[in-house]
Amino acid sequence: NIYWIGHGGNTGLDFFDYIINDSFTADPQEHDFELEKEIRIPSAFATSGVFEFDESLTKADFGFADHAILINAFNNHIKINKPYLDAAARVLKAVPNAVLWFNESRRVNSVWAISNYLRSIGIDDSQYSFAGRLEPKAKHYARLYVSDFALDTFTVSMASGTLDNIWAELPVISMPGDKFTNRTAGSFNRTLGLDYLNTNSVDEYVDLAIELATNPEKLARLKAHLRTYKRQTSMFDGAKFAKEVAAGISAAVARSREGLPPANIDVPPIFDPIPKFS
């Protein structure tokens with residue numbers, strides 16, 4: 001029995017032999033919790049569809065000044081906590097023309113809570129904004145595309161949101177932790193050669209955000225890297241992803257046929273890696 005992507009990380013259920021993840025989201029400390037074993041594919045553990053979207057729109061089309069630095073924070077509000085808002089506020093205070101852009105939530109109280117907290121720590125209403133759902137999804141990608149970069153949340157990373165941002169060529173600054181749930185965005189960055197965007201502390205995270213907000217040349221190079229390589233990874237190529245997963249399943253079946261118990265399986269690279277950004 002093999003489990004994949006129903007939720008983040010191990011299930012702790014003894015009737016699963018394996019879960020499918022990748023070498024980055026795997027437990028970095030190799031703890032032995034007697035959980036199901038891992039099939040670690042060489043790229044990221046997930047794949048996404050691709051969408052064509054309008055690349056001609058500007059920030060003005062979404063009600064922002066062209067000189068504004070739009071920092072995307074589109075994520076489920078239950079992932080947004082005070083440490084995250086405190087870090088984002090440090091960026092906003094250092095970059096007066098920056099705007100933190102949230103999605104709206106069906107839970108109106110969470111919009112109020114975020115707004116109230118930002119005001120309480122000295123952030124002006126002009127430096128954050130909320131946006132509603134857009135359909136079809138191609139319109140949402142156009143909205144992401146006009147943003148400058150995204151800030152991943154801390155305790156639980158953006159998952160599908162990071163894939164959306166990457167497809168829209170939006171760099172995602174992340175701070176990977178030691179659990180599957182806070183390493184997902186870091187895995188997607190790693191797969192695209194963007195370890196540069198994976199930080200090791202809140203200070204590094206804030207400093208990198210300020211750097212990208214004030215260094216248009218580096219931001220442009222990051223976006224060009226995404227544009228060049230996003231189609232070359234299995235994250236946006238279902239056929240490539242299927243080959244990686246199939247290699248892992250085949251290795252698991254081979255162990256079973258030999259009478260061996262499940263064990264962690266590291267699938268070797270099948271495709272050329274994406275060059276690292278530097």
Next item on the list: Considering (1) within 27 Å of Gly193 (Cα to Cα); (2) at pLDDT 95 or above; (3) of a type in the set (A, V, I, L, M, F, W, C), say which one Ile19 fails and leave the rest.
Entry: (2)
Margin query: On the basis of being in contact (Cβ under 8 Å) with a residue 40 or more places away in the chain, out of contact with any helix residue (DSSP H, G or I) (no Cβ under 7 Å at 6 or more places or on another chain) and not in a loop (DSSP other than H, G, I, E, B), does Tyr141 make the cut?
Written below: no
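Quick grid of which residues meet (1) in contact with a Pro (Cβ under 8 Å, 6 or more places away or on another chain); (2) in a helix (DSSP H, G or I); (3) surrounded by fewer than 24 Cβ atoms within 10 Å (Cβ to Cβ):
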| site | (1), (2), (3) |
| --- | --- |
| Pro176 | no, no, yes |
| Ala185 | yes, yes, no |
| Asn200 | no, no, yes |
| Glu204 | no, yes, yes |
| Lys218 | no, yes, yes |
| Arg221 | no, yes, yes |
| Ala224 | no, yes, yes |
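For residues that are within 21 Å of Val156 (Cα to Cα) and open to solvent by 10 Å² or more (accessible area, probe 1.4 Å), tally how many sit in the stretch 86-100. Quick ask: steps written out before the conclusion?
Step one: list which residues in the stretch 86-100 are within 21 Å of Val156 (Cα to Cα), which gives 86-91, 100.
Now restrict to residues that are open to solvent by 10 Å² or more (accessible area, probe 1.4 Å): 86, 90.
Within the stretch 86-100, residues that are within 21 Å of Val156 (Cα to Cα) and open to solvent by 10 Å² or more (accessible area, probe 1.4 Å) number 2.
One line per residue, one yes/no per condition, for (1) under 14 Å from the mean Cα position of the chain (by Cα); (2) modelled with pLDDT under 95; (3) of a type outside the set (D, E, K, R):
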{"residue": "Thr153", "(1), (2), (3)": "yes, no, yes"}
{"residue": "Trp167", "(1), (2), (3)": "yes, no, yes"}
{"residue": "Asp207", "(1), (2), (3)": "no, no, no"}
{"residue": "Leu219", "(1), (2), (3)": "no, no, yes"}
{"residue": "His225", "(1), (2), (3)": "no, no, yes"}
Notebook entry, point to check: Assuming Ile5 fulfils every condition listed in (1) modelled with pLDDT under 95; (2) on the phi < 0 side of the Ramachandran plot apart from one, which condition is it?
Noted result: (2)
Check: Within the stretch 21-28, is there a residue that is over 20 Å from Ala251 (Cβ atoms) and either out of contact with any helix residue (DSSP H, G or I) (no Cβ under 9 Å at 6 or more places or on another chain) or surrounded by fewer than 18 Cβ atoms within 10 Å (Cβ to Cβ) (or both)?
Finding: yes
Next item on the list: Inspect all residues belonging to the stretch 59-74 and state whether any of them is open to solvent by 50 Å² or more (accessible area, probe 1.4 Å), more than 16 Å from the chain's Cα centre (by Cα) and among the acidic types (Asp, Glu).
Entry: yes
Checklist line | Matching entry among Ile249, Ile270 (being touching a residue at least 12 places away in the same chain (Cβ under 8 Å), open to solvent by 70 Å² or more (accessible area, probe 1.4 Å) and either assigned to a loop (DSSP other than H, G, I, E, B) or within 30 Å of Asp14 (Cβ to Cβ) (or both)) | finding: Ile270
Checklist line | Any pair with Cβ under 7 angstrom, 6 or more apart, that starts in the stretch 16-38 at a residue that is of a type in the set (Phe, Trp, Tyr) and ends at one that is part of a loop (DSSP other than H, G, I, E, B) and modelled with pLDDT under 75 | finding: none
Next item on the list: Give the stretch 252-267 a look and list any residue that's in a loop (DSSP other than H, G, I, E, B) and among the acidic types (Asp, Glu), or say none.
Entry: Glu258
Checklist line | Residue match in the stretch 47-70 (condition: at pLDDT 95 or above and assigned to a strand (DSSP E or B)) | finding: yes
Next item on the list: Just give me the residues in the stretch 111-167 being crowded, with 21+ Cβ neighbours inside 10 Å, touching a Phe, Trp or Tyr at 6+ places or on another chain (Cβ under 9 Å) and among the aromatic types (Phe, Trp, Tyr), in sequence order.
Entry: Tyr128, Tyr141, Trp167
Next item on the list: Considering each residue of the stretch 252-267, count those that are touching a residue at least 24 places away in the same chain (Cβ under 8 Å), open to solvent by less than 80 Å² (accessible area, probe 1.4 Å) and over 15 Å from Ser234 (Cα atoms), and give that number.
Entry: 5
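The values are calculated or read from the model by the stated rules, or taken from the named source; none is laboratory data. Everything numeric here is computed off the predicted structure, so don't read it as measured data. Note: ideal-geometry Cβ built from the backbone for every residue, glycine included; neighbour counts use all protein chains shown. Note: areas computed on protein heavy atoms with side chains; ligands, DNA, RNA excluded. Shrake-Rupley method; radii C 1.70, N 1.55, O 1.52, S 1.80 Å.
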